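Here's the structure we're looking at; comments come further down.
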Amino acid sequence: MNRQDDLVAEGEPEKEFNPGIAARLPRKTVAGGALIRDHAGRILFLEPTYKPTLDIPGGIAEYDESPYDACRREVKEEIGLDREIGALLVVDWVPVLGPWTDALAFIFDGGILDGDELTLDPTEVRTAQFLTLTEATPHLRPSMTRRLALAQQALTTGHPSYADFGRDS
């Protein structure tokens, strides 16, 4: 079945008990990223054109797009690879920070690159390189370092984690 069939199977949407309440409820940003590695276990990091810290391939979900689908779309847009994305590794809640709303950041297993050639989108990505988490840490926000450490742990244990701002709960 596809998503449309699933929506039809759900039946009529529930009516609002208080008209207009759904529009007044808070909204969260949702993002999906891929932990892509090389055979040595180093992580693929991107140097974005739009922010000063390194990031992994992925990005913010569009309206009515799942975090998984956002991850696949962004991987294709940013590095030119249309690849299967694997299991969930981490869900991390990120608090309000400056102008940004709170968010849920999903990290999925992006697998191992095996000589695949990257095609970087120059509007979004300056460079891409494989680094260990230790090598990348000076160029990451502390919460991202914690989140990626949990993702690496999930690869080893086979158990995804839930985190609050990169801290395992």
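The values are calculated or read from the model by the stated rules, or taken from the named source; none is laboratory data. Note that the coordinates shown come from a computational prediction; the quantities given were computed from them, not determined experimentally. Virtual Cβ from ideal backbone geometry, glycine too; neighbours counted across all protein chains shown. Note: accessible area is taken over every heavy atom of the protein model, side chains too, but ligands, DNA and RNA are not part of it. Shrake-Rupley method; radii C 1.70, N 1.55, O 1.52, S 1.80 Å.
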For Gly20, are the conditions met, namely being at pLDDT 95 or above and on the phi > 0 side of the Ramachandran plot?
no
All positions within segment 73-87 that are open to solvent by 40 Å² or more (accessible area, probe 1.4 Å), under 13 Å from the mean Cα position of the chain (by Cα) and under 24 Å from Thr49 (Cα atoms):
Arg73
Could you please let me know if Gly98 is free of Cβ contacts under 8 Å to residues at least 12 places away in the same chain, among the small types (Gly, Ala, Ser) and closer than 19 Å to Thr53 by Cβ?
yes
Just to verify a result, which residue in segment 30-72, among those that are within 13 Å of the chain's Cα centre (by Cα) and open to solvent by 50 Å² or more (accessible area, probe 1.4 Å), is farthest from Ala103 (Cα to Cα)?
Arg72
Do we have any residue at all in segment 54-68 that's at pLDDT 95 or above and touching a His at 6+ places or on another chain (Cβ under 6 Å)?
yes
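Results for (1) of a type in the set (Phe, Trp, Tyr); (2) touching a Lys or Arg at 6+ places or on another chain (Cβ under 7 Å), shown as yes or no for each residue.
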site	(1), (2)
Pro13	no, no
Tyr50	yes, no
Thr53	no, yes
Ile56	no, no
Ala61	no, no
Pro67	no, no
Gly80	no, no
Is it the case that Ala40 is small (Gly, Ala, Ser) and farther than 22 Å from Thr132 by Cα?
no
